[in-house]
Amino acid sequence: MGQVVSTIGTWMQRIALAWLVLDLTNSPLALGLVSMFQTLPVLFLSLFGGVIADRFSKRNLLLVTQAVKLVPSAVLAVLVIIGATNLTAIYVLATLLGITNAIDSPARQAFVKELAGPEDLPNAIALNSIVFNSARLIGPALGGITIAWIGVAGCFTIDAVSFLAVLLGLALMREDELYEVPNAPKGRMISQISDGVRYALRTPDIMVVLILMAVVGTFGYNFTVLLPLIAKYVLNAGPMGFGMLTSAMAIGSLIAAIGIAYSGRVSQRTLLIGATGFPVLLTALAISTMWATTIAVLIALGLFSITFSATANSRLQMLSLPEYRGRVMSFYTLLFMGSTPIGSLVIGTLAERQGVRMAIFELAMICAVGVAAGYLYIRTRVASPIDVTVAPQKQHAP
């Protein structure tokens with residue numbers, strides 16, 4: 001429930017920050033730089049965040065990171081109210097948020113298994129997807145209404161206060177009822193990162209997930225950078241049309257998350273089906289020039305994206321040894337969030353030079369190559385059949 005409140009606040013903050021930057025500068029470049037400052041720390045620091053998550057109590061670590069994450073919104077609210085907002089302050093606060101996310105995300109991902117246990121892990125991860133995509137449907141609309149009624153400072157204030165819900169939830173947890181997970185032994189961070197990389201490389205079932213995430217996470221998910229361009233240049237629509245495209249993906253994502261929560265299946269076959277959907281549906285999106293077709297494709301794309309990401313997340317957590325889980329989830333964070341600057345740069349360059357539809361088609365081809373590499377790796381390195389489902393061993397909380 002804390003995450004429901006906080007994630008809605010986060011989506012409100014995103015809308016308000018974009019509006020504030022454009023209001024201050026009227027510059028798409030400035031808006032892009034804010035995104036870069038938020039994501040570059042994840043690219044460079046998430047592996048260190050994984051080591052920290054393996055060394056310390058994840059609950060205590062999250063209490064710290066969630067408290068720090070409310071600071072940028074609180075400061076922005078004050079700056080807007082007193083009329084002292086400037087681009088430099090926004091860049092600094094965006095960087096602080098990115099650094100905190102690099103530590104917070106691996107710990108938060110790995111903490112799910114301590115909360116739910118191995119038997120309920122797929123359902124718990126799917127529930128997290130339901131929370132995220134429900135907030136993605138509600139948060140932007142509330143953000144727009146709040147900006148219209150009381151201004152961007154109201155959104156920043158609500159977001160800062162919303163973190164108190166997560167902090168309260170973490171504070172109320174009884175640590176002795178969590179599923180026990182051993183901490184990694186202390187040592188040099190670089191050595192422990194290298195140890196985590198070696199562990200992933202010698203574990204084929206983990207490597208196949210990371211291979212697919214490297215391509216699909218960088219190019220398949222980051223195609224959303226093109227959504228406003230699709231709305232404007234392909235469908236000749238305005239901001240409302242852009243909002244409809246975003247909501248269409250959220251609807252598909254929500255359907256998939258509910259389905260995964262119901263079935264609890266995290267098989268390798270499901271992973272591959274989710275990944276294979278990207279090149280197929282991106283190709284369909286590149287071809288489509290009609291509203292109805294584009295909306296249908298985006299709903300399906302949202303469905304396949306959550307099928308892939310939730311299954312990848314579940315398999316990595318269930319296949320990883322407990323003392324390596326934070327580091328393995330930092331690889332997931334790096335490939336899922338940290339690849340955003342790379343993917344956005346490639347996608348933006350392709351769209352500018354060759355057009356939006358050709359750029360989408362080229363992304364589809366890149367994803368197809370990545371999925372083919374995943375299939376080839378499975379055939380040559382993974383001993384288990386494609387349709388094997390990870391069967392968690394029964395464990396009980398102490």
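Worth pointing out:
- Subset of region 33-62 that is part of a helix (DSSP H, G or I) and surrounded by fewer than 16 Cβ atoms within 10 Å (Cβ to Cβ) - its residue that is nearest to the chain's Cα centre (by Cα): F44
- Within the option set L212, L167, being crowded, with 22+ Cβ neighbours inside 10 Å and either of a type in the set (A, V, I, L, M, F, W, C) or within 23 Å of the chain's Cα centre (by Cα) (or both) holds for one residue only, L212.
- Every pair of residues 6+ apart whose Cβ atoms lie under 7 Å, when the first sits in region 160-179 and is under 24 Å from P322 (Cα atoms) while the second is at pLDDT below 95 and among the acidic types (D, E): L178/E114; Y179/E114
- Counting only helices (runs of 4 or more DSSP H) wholly contained in region 225-341, the ones carrying 2 or more residues that are aromatic (F, W, Y) occupy 239-263, 291-319, 325-333.
So that you can scan it fast, the table gives a plain yes or no per residue for (1) modelled with pLDDT of 90 or more; (2) within 30 Å of E180 (Cβ to Cβ); (3) touching a His at 6+ places or on another chain (Cβ under 8 Å):
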{"residue": "P341", "(1), (2), (3)": "no, no, no"}
{"residue": "S344", "(1), (2), (3)": "no, no, no"}
{"residue": "I347", "(1), (2), (3)": "no, no, no"}
{"residue": "G370", "(1), (2), (3)": "yes, no, no"}
{"residue": "V388", "(1), (2), (3)": "no, yes, no"}
{"residue": "K394", "(1), (2), (3)": "no, yes, no"}
{"residue": "A397", "(1), (2), (3)": "no, yes, no"}
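- Checking region 116-124 against the condition returns no match, with no residue being part of a helix (DSSP H, G or I) and either of a type in the set (D, E) or touching a strand residue (DSSP E or B) at 6+ places or on another chain (Cβ under 8 Å) (or both).
The values are calculated or read from the model by the stated rules, or taken from the named source; none is laboratory data. Because the structure is predicted, anything quoted here is derived from the model rather than measured. Using ideal geometry, Cβ is built from the backbone for each residue, glycine included, and neighbour counts are taken over all protein chains shown.
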